Amino acid sequence: MLDWLRRIFVTTPPQRLATPPAPRGVHVLHDTDLITVKTPGAPDAAIAWKDLDSVRLVSGDAAAEPPDLFWLLVGGDRRRPVLVPMGIPGEHDLVHAMQSRLDGFDNMAVIEAMSAKGPVGFKIWDTEMSGTNDAY
């Protein structure tokens, strides 16, 4: 589960396939405008970067060891939040994008959440941390 975190601090780029295979299961994509979670057989869940008000790490099954963790992406104006399961294809790239786009993104809170026991609910970023609601 800490594999994506190790890759953040690696100084040499990992070897990549020339054309990565298309994900078949649940995966997350992002571009300059949207973050989208695609689940086969279900509607896409998406949130615009500009609508993003907070990012949290929360647990699903807190009884699991280690707990199942999800990125909870919350927008303003009562928009439906988006849950991104930790470890799915595309999550690593999304984390890098959040680190670069969201001023005040709390990497230490991510580490604390990943090592926490029991129910998890950590604030990673919100508009108050950045002093703005512009997430781009």
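Computed values, structure above
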{"quantity": "Gained length - A42 relative to V26, 0.36 nm times residue gap less alpha-carbon distance", "calculated": "4.8 nm"}
{"quantity": "Residue order, fewest to most surrounding Cβ atoms within 10 angstrom, among I47, I88, I111", "calculated": "I111, I88, I47"}
{"quantity": "From phi via Karplus (6.51, -1.76, 1.60), per-residue ³J(HN,Hα) for the range 89-99 in Hz, x at Gly/Pro", "calculated": "x, x, 5, 4, 5, 4, 4, 4, 5, 5, 4"}
{"quantity": "Sequence of M108, M114, M98 once ranked by neighbouring C-beta atoms within 10 Å, starting from the fewest", "calculated": "M108, M114, M98"}
{"quantity": "Residues K38, K50 arranged by fewest to most Cβ contacts within 10 Å", "calculated": "K50, K38"}
{"quantity": "Placed amide H near M86: partners under 5 Å, 5+ positions off or other chain", "calculated": "L69, F70, W71"}
{"quantity": "Pairwise label distance in nanometres, A97 with I111, each label 7 Å out on the Cα-Cβ vector", "calculated": "2.6 nm"}
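The numbers here are math on the coordinates, done by the rules we state, and not lab data. Note that the structure is a prediction, hence the values are computed from the model and not measured. With ideal geometry, Cβ positions are generated from the backbone for all residues, glycine too; neighbour counts draw on all protein chains shown.
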